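Everything below concerns the one structure shown next.
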Amino acid sequence: MISDILPDRRSRHSLLIACCIGLRILPLYSQQPAAASPPPDAPQSASSRNFIARLAGFYRDDWFPPHQTVPAGPAATLAPSPPRRGLPSPLDSPPFPNADWSYGGAPVIGEPDGNAYPLMTALHPSGSLPRTKFYGWLAPTANGSTSSVTNAPEANDVYPNRFELNQAVLYIERLPETVQQDHFDWGFHLTALYGTDYRFTTGKGYFSHQWVDLHRQYGFDPSLEYLDLYFPRLGHGGSNLRIGRFISVPGVEAQLAPNNYIFSHTLLYSIDPFTDTGAMLTTKLNDRWLIQLGLTGGHDVALWTHDAKPSLTACVDYTTGSGNDNWYVCANGINDGKYAYNNLQQYDATWYHRFNRKFHLASEAWYMYEREVPAIHPGNAAAISPEQGANPALCRTAELRCTAPEYAADSSLQLELSQHSYLAFRGDFLDDKKGQRTGYATRYCEGTLSWNRWFGATVQLRPELRFDRAWDVRAYDGRRRHNQFTAASDVIFHF
């Protein structure tokens with residue numbers, strides 16, 4: 001009883017007044033009850049967490065998926081992608097780098113952009129992602145080699161027996177909507193690349209002093225800067241006009257790490273063109289045929305350098321109705337062919353063949369040359385001073401200049417083991433006839449076995465074993481060896 005708890009009369013009187021006031025006020029608040037406080041261990045919503053917590057949560061859920069049928073967080077609110085226009089994608093990606101047979105100089109016309117990246121998801125917790133996206137990756141590497149001076153012409157692990165950062169890359173990108181054919185659309189792309197791989201994208205006039213003049217191990221290169229203009233009614237399947245600096249169009253391989261089957265590159269990749277500056281029109285005639293026509297300033301040079309000259313690129317791409325075979329043939333950077341900084345005249349063909357959804361072949365062959373290359377003879381300096389950053393050639397004794405050709409071919413087999421891994425084996429041949437591209441007039445070959453493993457959708461591990469041989473001279477490890485063996489790997493951490 002109250003009299004037992006509060007024996008004092010004045011205290012009992014005060015308590016009764018307080019109770020009466022409380023009973024009078026209580027109904028006023030009961031009309032709008034406050035939300036119940038969550039228990040201490042209840043998870044916070046994505047929008048209520050700070051940026052770092054949301055980013056960490058993305059990786060946690062990617063590496064250790066929650067056991068639920070409905071995805072949590074921003075991914076649950078993303079609008080579904082429109083259906084693909086054209087033939088079905090022939091490959092699974094992941095684990096393969098691309099779902100489509102690749103061509104350069106344009107986005108995949110008819111392919112929707114349904115990608116959600118860790119950085120963008122953390123920046124936009126509501127799940128309503130803008131079309132302009134920020135994303136990229138870090139790619140540290142390690143290799144052990146029988147060489148001690150250099151692994152060249154092997155790429156991209158040129159520096160032997162060390163850990164290094166090959167690529168730290170940031171993309172800013174807006175893709176044009178090429179699924180629809182109702183209205184004009186546009187996109188753009190900017191790339192910032194830092195690491196040892198900058199040497200493989202360096203273009204004369206784009207901060208090129210870092211490599212051409214100083215030969216720095218680490219450097220920065222703005223590898224890609226272009227504008228995409230999509231014209232839906234030009235050609236039966238639509239057309240894309242790319243203007244700016246872009247990856248040289250032909251080939252199985254690409255300069256950016258995630259776009260390749262294997263960590264190290266073929267011998268032919270290490271000496272072919274890397275980037276072009278100009279305009280490239282890509283027209284999809286129908287689901288099977290695609291044509292390209294481009295005008296650039298030549299390979300690996302900015303338009304404002306004295307090495308730039310008008311150069312033509314023309315390509316044809318054909319895919320069978322089954323999607324099992326694709327041929328992509330290009331004449332790339334064609335002009336007078338006279339010696340200048342990387343003024344390579346390149347004729348390239350690639351062939352993809354799918355045995356089934358899990359097993360496919362990717363092959364490439366090309367012929368390149370330059371005319372009037374300054375001569376150098378063993379033990380003698382060049383009679384004519386060569387272009388800075390470009391090699392002379394081993395011409396015949398009486399020649400001051402000569403034509404320097406190269407032939408190359410490679411083929412790789414890829415076997416999908418699971419949604420997260422595949423095996424790849426590659427063979428590669430290069431004949432540097434006059435030594436103008438590698439510094440040695442010799443035939444080369446290499447064989448590489450690689451295992452590629454995804455962890456979630458954000459981390460790739462790509463260990464490999466590789467054997468190289470120069471047949472005619474000791475071209476490895478600074479003229480010391482005919483053969484070279486390397487064990488290497490990179491890790492690609494996407495953000």
Exercise. Along the range 294-300, what does the Karplus equation 6.51 cos²θ - 1.76 cosθ + 1.60 (θ = phi - 60°) give for ³J(HN,Hα), rounded to whole Hz, x for Gly and Pro?
Worked result: x, 10, 10, x, x, 7, 6
For this session: Step through the residues of the range 148-165 one at a time and calculate ³J(HN,Hα) from phi using the Karplus curve (6.51 cos²θ - 1.76 cosθ + 1.60, θ = phi - 60°), rounding each to whole Hz and writing x for Gly and Pro.
Result: 10, 8, 7, 8, 4, x, 5, 9, 9, 8, 5, 8, x, 6, 7, 8, 7, 9
Exercise. So how many Å³ per residue does the convex hull of the Cα atoms of the range 284-325 work out to?
Worked result: 76
Problem set entry | Net charge of neighbours whose Cβ lies under 15 Å from the Cβ of Tyr261, counting Lys and Arg as +1 and Asp and Glu as -1 | -4
Problem set entry | Anisotropy class of the range 165-276 from Cα gyration tensor, a/c 1.5 cut | prolate
For this session: Could you tell me how many degrees, from 0 to 90 and to the nearest 10, lie between the Cα long axis of helix 51-63 and the main elongation axis, the longest principal axis, of the Cα atoms of the chain?
Result: 70
Exercise. The range 345-465: Rg/Rh from Cα coordinates, Kirkwood Rh?
Worked result: 1.16
For this session: Kindly give Rg over Rh for the range 251-331, based on alpha-carbon atoms, with the Kirkwood expression for the hydrodynamic radius.
Result: 1.02
For this session: For the range 275-344 and the range 347-419, write down the distance between their C-alpha centroids in whole Å.
Result: 17
For this session: Normalising by the residue count of the chain, find the relative contact order in percent from Cα pairs under 8 Å and 6+ residues apart.
Result: 13
For this session: Let me know the Rg and Dmax you get for the range 118-494 when you use only its Cα atoms, in Å.
Result: 20.9, 72
Problem set entry | Ellipticity estimate at 222 nm from DSSP helix runs (n ≥ 4, -39,500 (n - 2.57)) divided over the chain, nearest 500 | -3000 deg cm²/dmol
Exercise. Using θ = phi - 60° and the Karplus form 6.51 cos²θ - 1.76 cosθ + 1.60, what ³J(HN,Hα) does each residue of the range 86-93 get, whole Hz, x for Gly and Pro?
Worked result: x, 5, x, 4, x, 10, 8, 9
Problem set entry | C-alpha long axis of helix 9-30 to longest principal axis of the chain, angle in ° | 50
Exercise. Sorted by average packing, counted as other Cβ atoms within 10 angstrom per residue and highest first, what order do 313-320, 195-202 take?
Worked result: 195-202, 313-320
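The numbers here are math on the coordinates, done by the rules we state, and not lab data. Keep in mind the model is a prediction, meaning the values are calculated, not measured. Note that we place each Cβ from the backbone using ideal geometry, even for glycine, and neighbour counts take in every protein chain shown.
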